[in-house]
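Beneath this line is the structure, given in structure tokens, with notes to follow.
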Amino acid sequence: MSQVTMTVNGKTASGDVEGRTLLSQFLRENLNLTGTHVGCDTSQCGACVVHVNGEAVKSCTMLAAEADGADVATIEGQANADGSLNTIQQAFQDHHGLQCGFCTPGMVMSAAALLKDNPKPSEAEIRDYLEGNICRCTGYHNIVKAIMAASGQDVSAIAAE
Amino acid sequence: MYNFEFEQPSTVAEAVAALADEDAQALGGGQTLIPTLKQRLASPSKLVSLAGIAEMKGVSIADGVLTIGGGATHAEVAADACAPLAALAANIGDPAVRNRGTIGGSLANNDPAACYPSAMLALNATIVTNAREIAADDYFQGMFETALDEGEIITGVRINVPDGANYQKFEQPASRFALVGVFVAKTAEGVRVGVTGASEEGAFRWTEAEAALNGSFSADAVPAAPSADGMISDLHGTAAYRAHLVAVLTKRAVAAIG
Ligand SMILES: Cc1cc2nc3c(=O)[nH]c(=O)nc-3n(C[C@H](O)[C@H](O)[C@H](O)COP(=O)(O)OP(=O)(O)OC[C@H]3O[C@@H](n4cnc5c(N)ncnc54)[C@H](O)[C@@H]3O)c2cc1C
Ligand code: FES
Ligand code: FES
């Protein structure tokens, strides 16, 4: 066991971890931040996407020890200070960008990472960026639509399913 | 995953020393190794993370030479390398994989379907380690086999920026790895063609195509598909299909270079 300390959603968090403890496991089990979902645990689905030092990573494929000293952002830190949904989250709700919601934390974190680098992505760029985020419910159209809307673009031309 | 100790040295020398321990293994971006550990296909007693080593970072171009740190992520290569290699890196896996996975890790692993090996062969790259420099032609030694010694670390890669180059990847749609990938480069030493995903021997140079393209650099000059003998055959594609793709993708790459 060794101690790791990181900033998670703006607050300092420490805990004892084994070498093999995954970041996803540390967030969920040590910090009780269970919004980060583990869908596949094999680096395929993207439900576990969080930001480490501002970059989207699959937290099931990173060791907690590798995040020692890092600045981590999870879905729990995405809402506005007054508790209301942020722009991306609200757009997911408004455009039915989720059904069961399992993939949603990863989708929202990936969307946030995309919009940080590319504030007005095209539909094709959104689909390409979400290559590592799998959704088994929505068929993706409404997720793409929500992200377009969150970036302030007209979504009337995108098909709804 | 079996448990292991975790170390994060800040210099190559410290990492080499840490890797001298029996059963110690290097950790690059973990995008291959962590899934491997989860399946208990490897059980190192100690992982030595290379992520804290500043001298292994960075991508730069000076005097026609591209230098990439062994710890540079695919995202960093996509942002800062010369265009054809940047485009290759920008299409590895997905954004989260590219933010962690490194060129050193990919080359050390030498997956038969990985993208970089074809580019290293076509670009006549030099693989730089803590101990020596290895020409790409000597480095790849078959599926998952390389010239690296136990505990040897890829600290960087050096490439003469080509006159023109292009990578064509035919994606296996589920894994997003290359079913077949072909990298064609016009270099000072002539045209070179690197192929990944096709052969049971791992990445290779298609020398017949190189000879033909040195004569006439046009898609029509690309020879008929190479022999299917020794090509990979699996549920995603037969050996003959892969051999066919090698020729098709070579033509597309040549056409793209123009
Ligand atoms: C969903 C997904 C999709 C992917 N798609 C593609 C794709 O399309 N094309 C592609 O090419 N790859 C793909 N990959 C693999 C990805 O590129 C990996 O990042 C890469 O193969 C390994 O790099 P790494 O830095 O993560 O290495 P690690 O996983 O950390 O290590 C891999 C091996 O290399 C060794 N090693 C690591 N760094 C060094 C070094 N500097 N010197 C010596 N040895 C070292 C380790 O000990 C280990 O044996 C994909 C991976 C995933 C999870
Ligand atoms: S749980 Fe991490 S990618 Fe699926
Ligand atoms: S909403 Fe159910 S998996 Fe995406």
Residue list for the stretch B:162-184, restricted to those being in contact with a helix residue (DSSP H, G or I) (Cβ under 9 Å, 6 or more places away or on another chain) and among the aliphatic types (A, V, I, L, M): B:Ala165, B:Ala178, B:Leu179, B:Val180, B:Val182, B:Val184
Sole exception among (1) within 16 Å of ligand 2 (Cβ to nearest atom); (2) touching a residue at least 40 places away in the same chain (Cβ under 8 Å); (3) not aromatic (Phe, Trp, Tyr) for B:Ala174, by number: (2)
When (1) touching a residue at least 40 places away in the same chain (Cβ under 8 Å); (2) within 13 Å of ligand 2 (Cβ to nearest atom); (3) on the phi > 0 side of the Ramachandran plot are applied to A:Cys45, the one that fails is (3)
Taking the stretch A:89-111 as the search range and keeping residues that are farther than 18 Å from A:Gln44 by Cβ and open to solvent by less than 20 Å² (accessible area, probe 1.4 Å), which one is nearest to ligand 3 (Cβ to nearest atom)? A:Gly101
Go through the residues of the stretch A:26-44 one by one and say whether even a single one is among the aromatic types (Phe, Trp, Tyr), more than 10 Å from chain B (Cβ to nearest Cβ) and either in contact with a strand residue (DSSP E or B) (Cβ under 7 Å, 6 or more places away or on another chain) or open to solvent by 30 Å² or more (accessible area, probe 1.4 Å) (or both). yes
If the requirement is being away from ligand 2 (no atom under 16 Å from the Cβ) and of a type in the set (D, E, K, R), which of these qualifies: A:Lys58, A:Lys145? A:Lys145
Of the conditions (1) open to solvent by 10 Å² or more (accessible area, probe 1.4 Å); (2) away from chain B (no Cβ under 12 Å), A:Lys116 clears all except one; give me its number. (2)
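This table checks each residue for (1) more than 23 Å from the chain's Cα centre (by Cα); (2) crowded, with 22+ Cβ neighbours inside 10 Å; (3) at pLDDT below 95.
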residue: B:Pro223; (1), (2), (3): yes, no, no
residue: B:Ser233; (1), (2), (3): no, no, no
residue: B:Tyr241; (1), (2), (3): no, no, no
residue: B:Ala253; (1), (2), (3): no, yes, no
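Every residue, every condition in (1) open to solvent by less than 10 Å² (accessible area, probe 1.4 Å); (2) in contact with an Asp or Glu (Cβ under 8 Å, 6 or more places away or on another chain); (3) not aromatic (Phe, Trp, Tyr), yes or no:
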residue	(1), (2), (3)
B:Phe140	no, no, no
B:Arg176	no, yes, yes
B:Gly190	no, yes, yes
B:Glu200	no, no, yes
B:Leu213	yes, no, yes
B:Ser216	no, no, yes
Strands (runs of 3 or more DSSP E) lying entirely in the stretch B:11-113 (those with 2 or more residues that are more than 14 Å from chain A (Cβ to nearest Cβ) and among the small types (Gly, Ala, Ser)): B:59-62
In the stretch B:140-242, which strands (runs of 3 or more DSSP E) lie fully inside it and hold 2 or more residues that are away from ligand 1 (no atom under 16 Å from the Cβ) and aromatic (Phe, Trp, Tyr)? none
Selection from the stretch B:1-26 of residues among the hydrophobic types (A, V, I, L, M, F, W, C) and either more than 8 Å from ligand 1 (Cβ to nearest atom) or free of Cβ contacts under 8 Å to residues at least 40 places away in the same chain (or both) yields B:Met1, B:Phe4, B:Phe6, B:Val12, B:Ala13, B:Ala15, B:Val16, B:Ala17, B:Ala18, B:Leu19, B:Ala20, B:Ala24
Being open to solvent by 30 Å² or more (accessible area, probe 1.4 Å), modelled with pLDDT under 95 and over 13 Å from the mean Cα position of the chain (by Cα) narrows A:Ser14, A:Ser2 down to just A:Ser2
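The values are calculated or read from the model by the stated rules, or taken from the named source; none is laboratory data. The shown structure was predicted, so the numbers you read here are calculated from the model rather than taken from an experiment. Positions of Cβ are generated from backbone atoms using ideal geometry, with glycine treated the same way; all protein chains shown enter the neighbour counts. Note: areas computed on protein heavy atoms with side chains; ligands, DNA, RNA excluded. Shrake-Rupley method; radii C 1.70, N 1.55, O 1.52, S 1.80 Å.
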